[in-house]
Amino acid sequence: MDITLEYFNNMMDALEKGEVRVAQKVDGVWNVNRQVKEVILAGFKLGAIKDMSEGQFPFFDKDTYPLRSFRKEDGVRIVPGGSSIRRGAYLAPGSIVMPPSYVNVGAYVGEGTMVDSHVTIGSCAQVGRNIHISASTQIGGVLEPAGALPTIIEDGAFIGGNCGIYEGTIVQEGAVVASGVIITSSTAIFDATTGSFVPRNADGRVVVPAGAVVVSGSKPIIRGGKPLESGVHLYCPVIVKYRDEKTAGSVHLEDLLR
């Protein structure tokens, strides 16, 4: 389709209002809106480099992608200290951004979610309601190809500090990812409660199951059915249990910060 500047601007406005999304869950399955991603990509071609410098800090970017503006009526708490939210990102009323953080184009942040200090929410990432993305965590962006699902964090999840959730990983509702866990499209997650690895979904995506509590672990390198004598292990996230009342209590304090 031929994407005009007017059509692009209308789409960016709709994204910022939450009227359209890059991806949505329908009947339990996440579906990507390819057209929205195509419009986002077209914005880079439609734009021209512009001097967006402020004070002593030089910035040069496409004029189609300035920082988006907020009003008090939007109900978003953006704490002073250097955060940046790009045009085309949606932050729901009741969400909180601690400084410094960055939210990229096409991202969706749901109600009651806290984006903590030094957090990056990548392009088109879908972050649900009542989530804490803890300090120094990165939620990866998936902009290309247009048909690819983005990284998704579902409602009620808790992501610990210094985590990296990348390449279209899906963290399902209520899951707890402990500090320092890294998950990519090639990561195998071991479920210690069942003694087996978590299967990928029908699309081949890595999925953290609903309510799972995931910590950093390791697995031995296996060859010929036996561990190598060197004793060398590979990194492997491990599900140690599923969320219970004790786990819920440990993250309840987050509500006091909102």
I'd like the full set of residues that are in contact (Cβ under 8 Å) with a residue 24 or more places away in the chain, surrounded by 15 or more Cβ atoms within 10 Å (Cβ to Cβ) and outside any strand (DSSP E or B), limited to segment 19-37.
Arg21, Val22, Val36, Lys37
Tyr108 closer than 21 Å to Ile182 by Cβ, aromatic (Phe, Trp, Tyr) and modelled with pLDDT of 95 or more
no
Exception for Met52 within (1) at pLDDT below 95; (2) over 23 Å from Leu5 (Cα atoms) falls at (2)
Pull up segment 141-162, narrow it to residues that are at pLDDT below 95 and in contact with a Cys (Cβ under 7 Å, 6 or more places away or on another chain), then point me to the one that is nearest to Arg34 (Cα to Cα).
Leu143
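This table checks each residue for (1) on the phi > 0 side of the Ramachandran plot; (2) touching a strand residue (DSSP E or B) at 6+ places or on another chain (Cβ under 8 Å); (3) not in a loop (DSSP other than H, G, I, E, B).
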site: Asp61; (1), (2), (3): no, yes, yes
site: Gly82; (1), (2), (3): yes, no, no
site: Ile85; (1), (2), (3): no, yes, yes
site: Gly106; (1), (2), (3): yes, no, no
site: Glu111; (1), (2), (3): no, no, no
site: His118; (1), (2), (3): yes, no, no
site: Cys124; (1), (2), (3): yes, yes, no
site: Pro145; (1), (2), (3): no, no, no
site: Ala148; (1), (2), (3): no, yes, no
How many residues are closer than 18 Å to Thr193 by Cβ, of a type outside the set (Ser, Thr, Tyr) and modelled with pLDDT under 85 when one looks only at segment 215-258?
4
From the option list Ile159, Ile133, Ile182, Ile165, single residue qualifying as crowded, with 24+ Cβ neighbours inside 10 Å and over 9 Å from the mean Cα position of the chain (by Cα) is Ile159
Every residue in segment 136-150 that is within 23 Å of Gly82 (Cβ to Cβ) and surrounded by fewer than 24 Cβ atoms within 10 Å (Cβ to Cβ), please.
Ser136, Gln138, Gly140, Gly141
Identity of the residue in segment 185-200, crowded, with 16+ Cβ neighbours inside 10 Å and either within 21 Å of the chain's Cα centre (by Cα) or of a type in the set (Phe, Trp, Tyr) (or both), that ends up farthest from Leu149 (Cα to Cα)
Phe190
Within 27 Å of Lys25 (Cα to Cα) and either crowded, with 21+ Cβ neighbours inside 10 Å or touching a Pro at 6+ places or on another chain (Cβ under 9 Å) (or both), is that true of Tyr102?
no
Filter segment 62-99 down to the residues that are in contact with an Asp or Glu (Cβ under 8 Å, 6 or more places away or on another chain) and among the charged types (D, E, K, R), then identify the one that is surrounded by the fewest Cβ atoms within 10 Å (Cβ to Cβ).
Arg68
Considering only residues that are assigned to a loop (DSSP other than H, G, I, E, B), within 32 Å of the chain's Cα centre (by Cα) and more than 22 Å from Asp155 (Cα to Cα), which ones fall in segment 201-233?
Ile221, Val232
Right, Gln138: more than 19 Å from Glu111 (Cα to Cα), at pLDDT 95 or above and not β-branched (Val, Ile, Thr) or not?
yes
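The values are calculated or read from the model by the stated rules, or taken from the named source; none is laboratory data. Quick caveat, the model's predicted, so the values are computed rather than measured. No Cβ is skipped: glycine too gets one built from the backbone with ideal geometry, and neighbour counts run over all protein chains shown.
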